[in-house]
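J.: Please find one structure pasted underneath; my questions will follow.
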Amino acid sequence: MVFTALFICLFAVGCSRSENVARETVSFEGGIMGTTYHITVVAELSDVASASTAEAIEHALKHVDGKMSTYKADSEISRLNQAPGGVYVPLSAETFAMLQLALEINRETEGAFDITVGPLVNAWGFGPTALENPPTEEELAALRKLVGPDKIELDSLTNSVRKSAKGVYCDLSAIAKGYAVDLVAELLKSRNLNAFMVEVGGEVRCSGLNAAGVPWNIAIEKPVSEGRVLQEVVGLSYISLATSGNYRNFYEIDGKRISHTIDPATGKPVDHALASASVLHERCALADAYATAMMVLGPEKGMEVAERLKLPVMFVLHGEDGTFETRQSDSFGRFVVK
Ligand code: FAD
């Protein structure tokens, strides 16, 4: 169920034009994709407060949800996942492009980002179905045969996809939220609304300046599972930020943390010192996917790949004594608000 609350904070934010026209901050928020969204736009009220903006935002979010949710049995991606192997399944150009992008990021991240991990995600209890018991080694070995970029064949002439076997299952949870952010951002720009912050489930895209006339201040939280503690603040304009981590969506078995980021190479939840990875990129879909890839790659290999891809990243690592250590790629520092 998507609902949109429209909050209009009316306050003059300085002269946007000679006739001293006030610009307002208008917020939209609601629930979608098992999480929440918050959108803040700075504009002249006449430009943005129309109910049609709220409706257009809701439509865009439901549009992505309807195509790319594995939590909806009738979504496009679910229809692909339900299909038998060996037959081409036609998709919309949009979902097809998402699969193409996912395969490209799979190559760039040396296999770390892999949307075909769906059977493993579900087996470890992080998909739409509740966990019975963690998978046995034998079950993992069988499921890993369904995972890998070679398990899906894309035909760009017909925008259709063929799975190598019925059990192949694509999970877009690590890229489609970011894509939804990009879609809302493009929608706002198409309405000549160019100063905004769009956030869906923690993935953020900022454009222009905030109400105070400076880049949008976005907080990155400490990777603690209780409460919200500030780690860093970055000032963003015309760029996106995504953070992935193992501190929110996890459970423990015999004191060992089982998190929702799965290493396709082992079939198991990642097990290293990296607690969270934040990535900046112009497109939120890419920031989203790269952040998950960094969580799979771990602190050393992740930083090597980030530098190769020239990605501004910040890693927060678990220290021995319960403290945290942060590491930033060369290009991240200029975004930090001192
Ligand atoms: P991210 O790091 O961004 O993503 C982690 C997720 O990516 C994992 O949960 C897993 O699904 C997947 N993943 C794990 N390892 C890899 C890997 N190596 N490569 C690629 N992907 C991997 N949740 C609900 O509870 N109810 C809903 O109705 C619901 N609907 C959704 C609809 C859509 C369109 C999407 C995209 C997600 C939906 N979700 C829903 C899922 C929820 O939003 C996820 O928890 C969220 O997408 C995970 O994002 P994150 O930022 O927490 O972690």
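J.: Residues in region 222-242 that are within 19 Å of residue 287 (Cα to Cα) and open to solvent by 40 Å² or more (accessible area, probe 1.4 Å): how many?
T.: Summing the residues that are within 19 Å of residue 287 (Cα to Cα) and open to solvent by 40 Å² or more (accessible area, probe 1.4 Å) in region 222-242 gives 3.
Quick grid of which residues meet (1) within 13 Å of the ligand (Cβ to nearest atom); (2) part of a helix (DSSP H, G or I); (3) over 18 Å from residue 127 (Cα atoms); (4) open to solvent by 20 Å² or more (accessible area, probe 1.4 Å):
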| site | (1), (2), (3), (4) |
| --- | --- |
| 162 | no, no, yes, yes |
| 168 | no, no, no, no |
| 181 | yes, yes, yes, no |
| 194 | no, no, yes, yes |
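J.: With the requirement that a residue be among the aliphatic types (A, V, I, L, M) and within 11 Å of the ligand (Cβ to nearest atom), what does region 40-84 give you?
T.: Passing the criteria: 61, 64, 68, 77.
J.: Can you name every residue in region 244-255 that is hydroxyl-bearing (Ser, Thr, Tyr) and away from the ligand (no atom under 11 Å from the Cβ)?
T.: 251, the sole residue that qualifies.
J.: Considering only region 98-130, state which residues are more than 8 Å from the ligand (Cβ to nearest atom), in contact (Cβ under 8 Å) with a residue 60 or more places away in the chain and more than 17 Å from residue 166 (Cβ to Cβ).
T.: Scanning region 98-130 gives 98, 99, 101, 105, 108, 109, 110, 111, 124, 125.
J.: Okay, moving on. Would you mind finding the one in 296, 279 that is in contact (Cβ under 8 Å) with a residue 12 or more places away in the chain, more than 22 Å from residue 219 (Cα to Cα) and either assigned to a strand (DSSP E or B) or touching a Gly at 6+ places or on another chain (Cβ under 9 Å) (or both)?
T.: None of the other options fit; the residue is 296.
J.: Whether any residue in region 256-270 is part of a loop (DSSP other than H, G, I, E, B) and away from the ligand (no atom under 11 Å from the Cβ) is what I want to check.
T.: Looking through region 256-270, none of the residues is part of a loop (DSSP other than H, G, I, E, B) and away from the ligand (no atom under 11 Å from the Cβ).
J.: Name the residues in region 281-308 that are more than 16 Å from the ligand (Cβ to nearest atom) and under 30 Å from residue 196 (Cβ atoms), would you?
T.: Matches in region 281-308: 282 only.
The values are calculated or read from the model by the stated rules, or taken from the named source; none is laboratory data. These figures come from a predicted structure and were not determined experimentally. When we count neighbours, we look across all protein chains shown, and the Cβ atoms used for this are built from the backbone with ideal geometry, even at glycine. The accessibility values were calculated without ligands, DNA or RNA, using every heavy atom of the protein model including side chains. Shrake-Rupley method; radii C 1.70, N 1.55, O 1.52, S 1.80 Å.
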